[in-house]
Amino acid sequence: MLKSEFKRRRRELMRMMGPGSIAILPTAPQLIRNRDVHYPYRPDSDFYYLTGFPEPEAVLVLIPGRKQAEYILFNRERDPVKEQWDGAIAGQEGACDEYEADDSFPIGDLDDILPRMLEQCERIFYIMGCNAKFDKRLSEWINTIRCEARSGVQGPVEIIALDHYLHEMRLYKSRSELKVMRQAARISAKAHKKVMQRCKPGLWEYQLEAEFVRECTDLGAKSQAYPPIVGAGKNACTLHYIENGDKVGEQQMLLIDAGCEVDYYASDITRTYPVNGSFSEPQRQLYELVLAAQEAAIAKVKPGNHWNDPHDAAVRTITRGLIKLGILKGSLAKLIREEKYKAYFPHRTGHWIGMDVHDVGDYKVDGTWRLLEPGMALTIEPGIYIPSGSKGVAKKWWNIGIRIEDDVVVTKDGCDVLTKDIVKSVAEIEAIMAA
């Protein structure tokens, strides 16, 4: 991501904040995995969106109109001994030279410097509830300032939800963001194809997961956007199955929901196919029903339609198909009204996607579904899941779980499927697996 992109975002946010304001945004803390071993570090998405700064122990401060510096970073000081163990850090000079901060201070000086900045501002833009320790520090700073009121210190009189403004910005993807998202989608699509070619009875689910991750890594994506879901047979009927610990069987369907992350932007793809490379008739019937539902939903992704239109289209298609297959009984309108389809299609048809796989952004505005607009990115992922023991359902359908998921961006005239590089028709899947 170009530095100019981060600068544009900061300018846009400060324009909305107006004079007399201050925005404070800490990055994510490092997390302990066990004893002295940390999880791989990833900065807070909101923080990175505005800074491009990848290190822990950092706080962003924006003060629109401040003559000395509008964009300030508090971050770690350079320490040759520590850097010998953990690698180079930016320090104060790097924060300014590499990440274009107007000024930078050691993170250890935060309690001394930031309260003095707060004294000069009327409004604080901050995200409450995400970092309890920092919430407490901010409250203490404000209380200290209020105690100095008799000496003429005014200080802030209002705290405004920063996420309300920032998440609305993040909802609309720029050309630079979409370029990165397309790259992540291409890599993930190639990895899905690799797993499809590799899949055969007798392998373990975790081996197929490893194949996906290895292909992503080989193509330049070092991180996954979320833990891969690789489930065969009954495991495919568990929506967030991540154990990936069973062998895949000859007659089973394999569901793999996985996507890499590139430059902190996620991809999210699901494909489902027969382990042995050939659809049985029940598998094919359910699969083509889910595919038809996805195509109906994607057709509804266009400017002017609201968020729920794709879901309504998928629900109608799946319910009608389940009636035709004898899995649901009754009239289409009544089954939809009573949500009987939820026994087999229990989740929504999609979610926003961007820096977070379940990205930020309101789904409703003033209590009504928001309208889709160019630049919004979302997933389309209908599914059908029929676990064993499903009452009133013939055994031939049991333990079939199918989900088909693609990443889609709203365009001026309709939509563009970012993840179109990986096949999903029955004929194409069988051809790839046969080869």
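The values are calculated or read from the model by the stated rules, or taken from the named source; none is laboratory data. On a predicted model such as this, the values are computed, not experimentally measured, just so you know. Virtual Cβ from ideal backbone geometry, glycine too; neighbours counted across all protein chains shown. Note: accessible area is taken over every heavy atom of the protein model, side chains too, but ligands, DNA and RNA are not part of it. Shrake-Rupley method; radii C 1.70, N 1.55, O 1.52, S 1.80 Å.
Side notes on the structure shown:
- Positions within the stretch 409-423 being more than 18 Å from ALA184 (Cβ to Cβ) and open to solvent by 40 Å² or more (accessible area, probe 1.4 Å), in sequence order: THR411, LYS412, ASP413
- Qualifying position, being open to solvent by 20 Å² or more (accessible area, probe 1.4 Å) and touching a residue at least 12 places away in the same chain (Cβ under 8 Å), among LYS395, LYS391, LYS364: LYS364
- Strands (runs of 3 or more DSSP E) completely within the stretch 48-155 that count 3 or more residues being crowded, with 19+ Cβ neighbours inside 10 Å: 59-62, 71-75, 123-126
So that you can scan it fast, the table gives a plain yes or no per residue for (1) over 30 Å from LEU162 (Cα atoms); (2) among the β-branched types (Val, Ile, Thr):
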{"position": "SER331", "(1), (2)": "yes, no"}
{"position": "LYS334", "(1), (2)": "yes, no"}
{"position": "PHE345", "(1), (2)": "yes, no"}
{"position": "GLY354", "(1), (2)": "no, no"}
{"position": "GLY361", "(1), (2)": "no, no"}
{"position": "GLY383", "(1), (2)": "yes, no"}
{"position": "ALA394", "(1), (2)": "yes, no"}
{"position": "ILE404", "(1), (2)": "yes, yes"}
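- Restricting the stretch 162-212 to residues that are without any contact (Cβ under 8 Å) to a residue 40 or more places away in the chain and under 19 Å from the mean Cα position of the chain (by Cα), the residue that is nearest to THR419 (Cα to Cα): LYS179
- Scanning the stretch 1-11 for residues that are surrounded by 12 or more Cβ atoms within 10 Å (Cβ to Cβ) and assigned to a helix (DSSP H, G or I) returns GLU5, PHE6, LYS7, ARG8, ARG9, ARG10, ARG11.
- Those residues of the stretch 71-96 which are at pLDDT 95 or above and basic (Lys, Arg), in sequence order: ARG76, ARG78
- Odd one out for GLU209, checked against (1) touching a helix residue (DSSP H, G or I) at 6+ places or on another chain (Cβ under 9 Å); (2) more than 19 Å from GLU405 (Cα to Cα); (3) open to solvent by 30 Å² or more (accessible area, probe 1.4 Å): (2)
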